[in-house]
């Protein structure tokens, strides 16, 4: 299956962004920002806050399933939280072994666990045994912490623990988001496992997608910042797979989505933080749309919600660049 999956990105791809990108189209599924599990079993309100899609069958408004991602290092506690997420209607559980954030790693979460393959296997096994057999359990990892020497050990541990799928970001924690994703290294992991492997990292164009698949050997690909910067990318890939010439999402269409996105953000986020969410996305859109640069400069110093909404509604901005 040539699945296109929206990556979990803390502080960037929340429920509003998932709604926007899945509505634009081309995606098969998404994953939440991580749900941090550290000291106690989490109450339902935490899951509903980070995955409001649980209120609608575990899918975005456009019908795309959303997996709940858990992050932590205590197998028993992660199992309890996985069971709770499943009881609330999560369509699948994902485990985070890839987050490179220092604050996360200091509390033994994310990529730091890639130094302990045996613990990773125990975590996956505990979660797998805690949820119904028919509920998929997947994991996301990087190639390693300081280096990639344990990449295969960690991947094998994830499979041995009972995961149904593994997504691999082709960088180590030490690389962060610098350098280039190592797609051939993902391919070596794929060749060693019997479960499906999803490739992730540096897919920012249709050409990147096909090159990633060629070098990794993976059928399915996870799209992250490349999709946020070019929201029509998944649709373009679908068009190319169907033998059609990819057609870029026009700025006027995207401006409509920006207005809708900001309206949703204003409903969910405090007035103090809502402008920052809009500016964050525009800053990324500048890579693909010169019009986004024009709009960004016009609203860069504006923080009044009504004024921002008015600027977004002006179609003349689409012809300014």
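General remarks:
- Projected over all directions and averaged, the alpha-carbon convex hull of segment 201-321 occupies 8.2 nm².
- Packing-based exposure ordering (other Cβ within 10 Å, fewest first) of 141, 1: 1, 141
- Percent of Cα-Cα distances greater than 24 Å, calculated over segment 1-101: 17 percent
- Cα shape, segment 125-186, gyration tensor, a/c 1.5 rule: prolate
- 5, 93, 195 arranged by Cβ crowding within 10 Å, fewest neighbours leading: 195, 5, 93
- Rg and Dmax of segment 128-271, Cα atoms only, in Å: 17.8, 49
- Fraction of beta bridges assigned by DSSP in the chain that are antiparallel (%, nearest 5): 5 percent
- Convex hull projection area averaged over all views, segment 76-154, Cα basis, nm²: 5.2 nm²
- The ranking of 147, 94, 74 by Cβ neighbour count inside 10 Å, starting from the fewest, reads 147, 74, 94.
- Normalised alpha carbon radius of gyration of the chain [divisor 2.2 N^0.38 Å]: 0.99
- Compared with the dominant Cα axis of the chain, that is its longest principal axis, helix 251-268 is turned about 70°.
- One compactness figure for segment 227-294 is 1.26, namely its Cα radius of gyration divided by 2.2 N^0.38 Å.
- Packing, taken as the mean count of other beta carbons within 10 Å per residue, orders the peptides 78-84, 276-282 from highest to lowest as 78-84, 276-282.
Read the figures in this text as sums done on the coordinates, not as results from a lab. Keep in mind the model is a prediction, meaning the values are calculated, not measured. Reconstructed Cβ throughout: ideal geometry from the backbone, glycine too, with neighbour counts over all protein chains shown.
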